[in-house]
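The values are calculated or read from the model by the stated rules, or taken from the named source; none is laboratory data. In this text the structure is predicted, and so the values were computed from the model without any measurement. Glycine also receives a Cβ, built like all others from the backbone with ideal geometry; neighbour counts cover every protein chain displayed. Heavy atoms of the whole protein, side chains included, go into the accessibility calculation; ligands, DNA and RNA do not. Shrake-Rupley method; radii C 1.70, N 1.55, O 1.52, S 1.80 Å.
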Amino acid sequence: MSRSGSRRGSRRLSQPTASGVPMFYFELDTSGEGDDQAPRPVITEYTPGRKGSGRSEFSDLALSKFKYRENGVQPLTVTNGSTTPLVEHPGDADEEAATYDPFKHRNLEHPTTDMDTLIHLLKGSLGTGILAMPMAFKNAGLFFGLAATFTIGFVCTYCVHVLVKCAHELCRRTRVPSLDFADVAETAFSCGPPAVQKFSRLARAVINTFLVIDLLGCCCVYIVFVATNLQQVINHYTGSDMSVQMYMLTLLPPLLLLNMVRNLKYLSPFSMVANLLIGAGMAITLYYLLSDLPAVSDRPYFSSVQQLPLFFGTAIFALEGIGVVMPLENNMKTPTHFIGCPGVLNTGMSVVVSLYACVGFFGYLKYGELTSGSITLNLPLDEPLAQSVKVMIALAIFLTYALQFYVPMEIIRKGFIDVHLRKYPVASEYVLRVFLVVGTVGLAIAIPHLGPFISLVGAVCLSTLGLMFPAVIELITFWDTPGGLGAYNWKVYKNMAVIAFGMLGFVTGTYVSIQEFGSS
């Protein structure tokens, strides 16, 4: 090995060990290259979060692809105690990378079958958004809303296909078994053109930031939804005139208690109960929607151009489930079936889009201009069965809050607490949990209007996560690949169109939603 003083003039080659953390890097000591001595590998340690560690694990791994060529050597992945040489011939590693199958290297303790993954995809995609679809149709018109819902569903599904295909390609290039959404973005930039490689960590941070904003925004929507439904039921039977903001405040103590649960497995019973309640509630809701329907001609086929941004924000909030896609695909027993034909993704999204379109169409057909932000608020006030639906779904959404809160909390814990507050990790996590729960309740109290809130979250977060980011990632992933952008570079024009569509929805949806808050 090299002397400690030989690091000056060394060139770093990054390759994490199989043990994970801390990671070790192979540096080539080039101090003796002038006297015909071959570069000698030196092992240096890298600990995530330590000051001076300039890159993350995935960007280092990806960047090594280019640094190997610069130095004319190839490092090997080694496990603890291995006697494998640290350097091999370039041709051998290139051949191995070309034939690397990431699916064969996934060591999953409990892999999911195709049916399991389909069920999880349906559960992850079916939420409060389906109850807001009639309001979306109100802002679009009966038949225009129907056509636009299937169009947006197709575009969202296609963008998920793009993201998963890019993940598979990047897994092969970097020889890692799986990547999550933020990993895909960071690795794409790290392996992309030299001009964008320095933005790899920024790409990860942007993805995680939008995921946190999206999921915490959904938590705010949940609070508004629960409080609004409870207010309608309780005030009707008690004669009270308590405001919806007061109902939100009464939700704060039980929310704090529920979200002190740090282990996901203890939240599973709540998920099971919530699924049963939502299933029963939706069945009764459909019964009311399909009873005594008016003529189709009684509703406008198209609303107005000014209302379309609200439709876009609500529809993409309801249909976009890109946050759950990569974890589901990464845990599949047969991941090639996820985006195949028909495939788990196509099957699941076909069911989701069709169900959302039906609820939106018949909900708006039933209630017309009286349609509320949640269709449950339109159910009869004088029928106990209809009132029970509001209580069941409100309780289900309340229990779902903890599951929705778990993901952004994990992102923040890994990116902030584990890096900056490692001395008191548990106490810091509890304090942050209290702060975020109180913050979501406070934001919901400040903006207690369900329809514009849903549209705003969809326009700001999901137009970027679900449309723009996958298009950008595909462009960067295949930019330097011969033929990667298709004949006549058609993928460039296609992705620019998707980005423009997402940007249009982002700007107009945000503007109109904020206007709706002011008028409300």
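Could you list all residues from region 293-303 that are in a loop (DSSP other than H, G, I, E, B) and not hydroxyl-bearing (Ser, Thr, Tyr)? It would help to see each step written out before you state the result.
To start, the set of residues in region 293-303 that are in a loop (DSSP other than H, G, I, E, B) comprises 293-295, 299-303.
Across region 293-303, the qualifying residues are LEU293, PRO294, ALA295, ARG299, PRO300, PHE302.
LYS494 is checked against (1) part of a helix (DSSP H, G or I); (2) closer than 24 Å to ARG201 by Cα; (3) at pLDDT 85 or above and fails just one. What number does that condition carry?
For LYS494, the exception is condition (2).
With respect to MET246, determine if the residue is hydrophobic (A, V, I, L, M, F, W, C), in a loop (DSSP other than H, G, I, E, B) and modelled with pLDDT of 85 or more. Give the steps one after another, and end with the answer.
Values: hydrophobic (A, V, I, L, M, F, W, C): yes; in a loop (DSSP other than H, G, I, E, B): no; modelled with pLDDT of 85 or more: yes.
No.
Check whether at least one residue in region 107-121 is touching a strand residue (DSSP E or B) at 6+ places or on another chain (Cβ under 6 Å) and outside any loop (DSSP other than H, G, I, E, B), and report yes or no. Before the answer, list the steps.
At the first step, the residues of region 107-121 found to be touching a strand residue (DSSP E or B) at 6+ places or on another chain (Cβ under 6 Å) are 112, 117.
Narrowing the set further to residues that are outside any loop (DSSP other than H, G, I, E, B) leaves 112, 117.
Checked against the condition, which is being touching a strand residue (DSSP E or B) at 6+ places or on another chain (Cβ under 6 Å) and outside any loop (DSSP other than H, G, I, E, B), region 107-121 yields at least one hit.
If you take the residues of region 82-106 that are assigned to a helix (DSSP H, G or I) and surrounded by 12 or more Cβ atoms within 10 Å (Cβ to Cβ), which of them is modelled with the highest pLDDT? If you could, list the steps in order and put the result at the bottom.
As a first pass, look at region 82-106 and keep what is assigned to a helix (DSSP H, G or I): 90-99, 102-105.
Cutting the leftovers down to surrounded by 12 or more Cβ atoms within 10 Å (Cβ to Cβ) gives us 90, 93-94, 96-97, 102-103, 105.
Working: PRO90: 46, ALA93: 47, ASP94: 50, GLU96: 55, ALA97: 56, PRO102: 83, PHE103: 80, HIS105: 78.
Ranking the candidates gives PRO102 first.
Quick one: how many residues across region 432-446 are open to solvent by less than 40 Å² (accessible area, probe 1.4 Å) and hydrophobic (A, V, I, L, M, F, W, C)?
Adding up the residues that qualify gives 5.
Might you let me know whether region 371-388 holds any residue that is in contact with a Gly (Cβ under 6 Å, 6 or more places away or on another chain), open to solvent by less than 40 Å² (accessible area, probe 1.4 Å) and either in a helix (DSSP H, G or I) or closer than 19 Å to GLY127 by Cα (or both)? Reasoning before the result, please.
Pass one, region 371-388, residues in contact with a Gly (Cβ under 6 Å, 6 or more places away or on another chain): 373, 375.
Going one step further and asking which of them are open to solvent by less than 40 Å² (accessible area, probe 1.4 Å), we end up with 373, 375.
Cutting the leftovers down to either in a helix (DSSP H, G or I) or closer than 19 Å to GLY127 by Cα (or both) gives us 373, 375.
Taking every residue of region 371-388 in turn, at least one turns out to be in contact with a Gly (Cβ under 6 Å, 6 or more places away or on another chain), open to solvent by less than 40 Å² (accessible area, probe 1.4 Å) and either in a helix (DSSP H, G or I) or closer than 19 Å to GLY127 by Cα (or both).
Given the conditions (1) at pLDDT 90 or above; (2) among the polar types (S, T, N, Q); (3) in contact with a Lys or Arg (Cβ under 9 Å, 6 or more places away or on another chain), report the number of the one that SER271 does not fulfil.
Going through the list (1) at pLDDT 90 or above; (2) among the polar types (S, T, N, Q); (3) in contact with a Lys or Arg (Cβ under 9 Å, 6 or more places away or on another chain), SER271 breaks only (1).
On the given criteria, is VAL407 in a helix (DSSP H, G or I) and open to solvent by 30 Å² or more (accessible area, probe 1.4 Å)? Even if it seems obvious, please write down each step before you answer.
Numbers: in a helix (DSSP H, G or I): yes; open to solvent by 30 Å² or more (accessible area, probe 1.4 Å): yes.
In short, yes.
Report the residue count in region 208-244 for those that are touching an Asp or Glu at 6+ places or on another chain (Cβ under 7 Å) and either in contact (Cβ under 8 Å) with a residue 60 or more places away in the chain or open to solvent by 70 Å² or more (accessible area, probe 1.4 Å) (or both). Talk me through it step by step, then tell me what you get.
Kept after step one, since they are touching an Asp or Glu at 6+ places or on another chain (Cβ under 7 Å), are these residues of region 208-244: 235.
From what's left, either in contact (Cβ under 8 Å) with a residue 60 or more places away in the chain or open to solvent by 70 Å² or more (accessible area, probe 1.4 Å) (or both): none.
Summing the residues that are touching an Asp or Glu at 6+ places or on another chain (Cβ under 7 Å) and either in contact (Cβ under 8 Å) with a residue 60 or more places away in the chain or open to solvent by 70 Å² or more (accessible area, probe 1.4 Å) (or both) in region 208-244 gives 0.
Looking for something of a type in the set (Lys, Arg) and outside any helix (DSSP H, G or I) - is there at least one such residue anywhere in region 261-277? Talk me through it step by step, then tell me what you get.
Filtering region 261-277 down to residues of a type in the set (Lys, Arg) leaves 262, 265.
Narrowing the set further to residues that are outside any helix (DSSP H, G or I) leaves 262.
Checking region 261-277: at least one residue is of a type in the set (Lys, Arg) and outside any helix (DSSP H, G or I).
Conditions (1) at pLDDT 90 or above; (2) surrounded by 20 or more Cβ atoms within 10 Å (Cβ to Cβ); (3) under 20 Å from PHE312 (Cβ atoms); (4) β-branched (Val, Ile, Thr), marked per residue:
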{"position": "LEU355", "(1), (2), (3), (4)": "yes, no, yes, no"}
{"position": "GLY360", "(1), (2), (3), (4)": "yes, yes, yes, no"}
{"position": "LYS366", "(1), (2), (3), (4)": "yes, yes, no, no"}
{"position": "LYS390", "(1), (2), (3), (4)": "yes, yes, no, no"}
{"position": "ALA394", "(1), (2), (3), (4)": "yes, yes, no, no"}
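I'd like to verify a number: residues in region 283-324 that are over 19 Å from LEU504 (Cβ atoms), small (Gly, Ala, Ser) and open to solvent by 20 Å² or more (accessible area, probe 1.4 Å), how many? It would help to see each step written out before you state the result.
We begin by selecting, within region 283-324, every residue over 19 Å from LEU504 (Cβ atoms); these are 283-301, 321, 323-324.
Among the residues that remain, those that are also small (Gly, Ala, Ser) are: 283, 291, 295, 297, 321, 323.
Subset that is open to solvent by 20 Å² or more (accessible area, probe 1.4 Å): 283, 291, 295, 297, 323.
Matching residues across region 283-324 total 5.
Any residue in region 424-431 that is in a helix (DSSP H, G or I) and buried (at least 21 other Cβ atoms within 10 Å of the Cβ)? Even if it seems obvious, please write down each step before you answer.
So the first thing to find is which residues in region 424-431 are in a helix (DSSP H, G or I), and the list is 425-431.
Filter once more, keeping what is buried (at least 21 other Cβ atoms within 10 Å of the Cβ): none.
Checking region 424-431: not a single residue is in a helix (DSSP H, G or I) and buried (at least 21 other Cβ atoms within 10 Å of the Cβ).
Could you list, in sequence order, the residues of region 189-207 that are open to solvent by 50 Å² or more (accessible area, probe 1.4 Å) and either aromatic (Phe, Trp, Tyr) or part of a loop (DSSP other than H, G, I, E, B) (or both)?
Answer for region 189-207, where residues must be open to solvent by 50 Å² or more (accessible area, probe 1.4 Å) and either aromatic (Phe, Trp, Tyr) or part of a loop (DSSP other than H, G, I, E, B) (or both): LYS198, PHE199.
Of all residues in region 304-353 being farther than 13 Å from THR157 by Cβ and in a loop (DSSP other than H, G, I, E, B), which is modelled with the lowest pLDDT?
Step one: of region 304-353, the residues farther than 13 Å from THR157 by Cβ are 304-315, 317-318, 323-324, 326-337, 340.
So of that shortlist, the ones also in a loop (DSSP other than H, G, I, E, B) come out as 304, 331, 333-334, 340.
Values: SER304: 90, ASN331: 84, LYS333: 85, THR334: 85, GLY340: 78.
Taking the candidates together, the pick is GLY340.
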